[in-house]
Amino acid sequence: MTPGTASGAVPDAGVWAAPGRVNLIGEHTDYNDGFCLPFALPLQVTVAARRSAPGRWVARSSWASPAVEFTADGLAPGSVTGWGAYVAGVVWSMLDSGLDVPGAELEITSDLPSGSGLSSSAALECAVQRALLDLGGLSVPGREQALLAQRAENAYVGMPCGVMDQSAAVLCEDGHALFLDTRSGAVSQVPFDIASRGLAVLVVDTRSPHRLVDGEYAERRSSCEDAARQLGVAALRDATLPDLGVLPGLLRRRARHVVTENQRVLDTVALLSAGDVEAIGPLLTASHASLRDDFEVTVPRLDLAADTAVAAGAFGARMTGGGFGGCVIALVRSSRAGEVAAAVAKAFDAAGFGAPETFLAVPSPGARRLS
Ligand code: GLA
């Protein structure tokens with residue numbers, strides 16, 4: 001990438017935000033060079049930042065004390081841990097790419113629940129990064145911003161995620177879902193103003209803790225890489241269903257999820273582009289089944305929430321994000337959202353699960369300066 005310098009006035013201070021996301025469809029495809037279709041939430045991380053002495057950063061958050069402080073000297077993966085690693089990781093990644101990152105004091109707040117699979121980590125990274133870019137008068141294209149933040153998470157925090165969450169946090173637009181080709185970096189904004197059509201995406205936070213830093217996510221990723229190697233392709237993006245027969249059983253199922261999920265993303269985008277929103281419902285439900293049966297990243301609460309939502313009249317429902325807990329999304333008629341949410345709450349109660357949280361997801365803008 002080519003670090004650039006922005007023209008125009010460089011602020012000394014300001015307030016920046018980056019959103020969480022749900023992924024409409026295209027799960028565990030991003031690290032296979034595949035397709036995904038996230039949209040940003042109105043829930044976000046907000047950073048009030050001011051430029052300060054060069055080579056030193058201080059970050060305070062509303063959810064943890066004490067403040068995190070670090071300097072450019074000795075900044076390396078592992079040098080800051082806990083939530084501060086996301087901040088230090090961004091500074092490290094930016095410095096490492098040759099950007100002249102200004103020293104800064106950062107006050108961070110968030111209305112995004114963490115551990116719910118709504119991408120609070122990427123929101124934190126991208127809000128901090130956007131603040132530092134603007135305070136430094138630095139201009140970096142959106143795709144490169146997403147890659148820099150992903151590198152912070154991969155190489156500094158140690159979570160081998162793909163680029164979907166950071167891309168959503170940077171590139172999403174109001175009223176649209178982001179169709180992302182993770183191989184080429186090409187994006188297109190797919191109109192998703194479903195409220196005007198009497199539809200809504202209901203998010204059910206199952207409140208089962210999801211921990212992606214644990215080994216399961218990394219294990220899925222390396223199974224996919226292993227499958228691609230055995231097939232002799234660069235990534236599972238390049239495989240077709242008939243190719244998969246040569247793989248041993250478990251790898252075949254993992255790869256089948258990725259191959260079929262990529263196709264479901266393309267089919268979803270085609271339906272949305274044709275204005276046929278309700279028709280994506282069965283694709284969402286099929287995605288959940290594939291994540292449950294072939295990729296094995298669902299848990300009983302996710303399955304119960306998705307099944308109950310569909311039984312209660314949703315057009316389709318699926319887990320969203322990495323899995324192993326977190327959230328389900330359901331496409332519903334707006335007038336029936338309350339009924340579907342109540343059915344899920346009742347089913348959770350009957351199963352002895354704690355009450356889920358539900359809210360409607362409105363497609364919102366990506367990272368930006370607020371003031
Ligand atoms: C997490 C990762 C993403 C993506 C999803 C699964 O959210 O951060 O890169 O792999 O899981 O689609």
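For this structure, a couple of remarks:
- Flag not set for Phe70, criterion: among the aromatic types (Phe, Trp, Tyr), within 16 Å of the ligand (Cβ to nearest atom) and either assigned by TED's automatic domain parsing to the domain that holds Ser114 or under 30 Å from Leu284 (Cβ atoms) (or both).
- When the range 199-220 is filtered for residues that are modelled with pLDDT of 90 or more, in contact with a helix residue (DSSP H, G or I) (Cβ under 9 Å, 6 or more places away or on another chain) and either more than 21 Å from Ile25 (Cβ to Cβ) or among the aromatic types (Phe, Trp, Tyr) (or both), only Arg207 remains.
- In this entry, Val258 is excluded by the filter for residues that are away from the ligand (no atom under 15 Å from the Cβ), buried (at least 17 other Cβ atoms within 10 Å of the Cβ), in the same structural domain as Gly326 (by TED's automatic domain parsing) and not basic (Lys, Arg).
- Test result for Val328, hydrophobic (A, V, I, L, M, F, W, C) and surrounded by fewer than 23 Cβ atoms within 10 Å (Cβ to Cβ): no
- Enumeration of residues in the range 94-137 that are touching a helix residue (DSSP H, G or I) at 6+ places or on another chain (Cβ under 8 Å) and either in a strand (DSSP E or B) or hydroxyl-bearing (Ser, Thr, Tyr) (or both): Ser97, Ala104, Leu106, Ile108, Ser110, Ser114, Ser119, Ser121
- Which listed residue is among the aliphatic types (A, V, I, L, M), more than 16 Å from the ligand (Cβ to nearest atom) and either modelled with pLDDT of 95 or more or assigned to a loop (DSSP other than H, G, I, E, B) (or both), from Val332, Val297: Val332
- Within the range 79-128, the set of residues being away from the ligand (no atom under 16 Å from the Cβ) and of a type in the set (S, T, N, Q) comprises Ser79, Thr81, Ser97, Thr109, Ser110.
- Complete set of residues in the range 6-59 that are out of contact with any strand residue (DSSP E or B) (no Cβ under 7 Å at 6 or more places or on another chain), surrounded by fewer than 24 Cβ atoms within 10 Å (Cβ to Cβ) and of a type in the set (Gly, Ala, Ser): Ser7, Gly8, Ala9, Ala53
- Consider the range 160-177 and keep the residues that are part of a loop (DSSP other than H, G, I, E, B) and in contact with a strand residue (DSSP E or B) (Cβ under 7 Å, 6 or more places away or on another chain). The one that is nearest to the ligand (Cβ to nearest atom) is Cys172.
- Residue that is nearest to the ligand (Cβ to nearest atom) [pool: residues in the range 21-66 that are in a strand (DSSP E or B) and among the small types (Gly, Ala, Ser)]: Ala40
- Checking the range 200-212 against the condition returns no match, with no residue being surrounded by fewer than 19 Cβ atoms within 10 Å (Cβ to Cβ) and of a type in the set (Gly, Ala, Ser).
- Pairs with Cβ under 7 Å, 6+ apart, first in the range 146-157 and assigned to a helix (DSSP H, G or I), second among the small types (Gly, Ala, Ser) and within 11 Å of the ligand (Cβ to nearest atom): Ala146/Ser167; Ala149/Ala122; Glu153/Ser121
- Among the residues of the range 63-85, those that are modelled with pLDDT of 95 or more and polar (S, T, N, Q) comprise Thr71, Ser79, Thr81.
The values are calculated or read from the model by the stated rules, or taken from the named source; none is laboratory data. Predicted model, so just to flag it, every value in this text is computed and none were measured. Because the Cβ atoms are built from the backbone with ideal geometry, glycine has one as well, and the counts that use them run over all protein chains shown.
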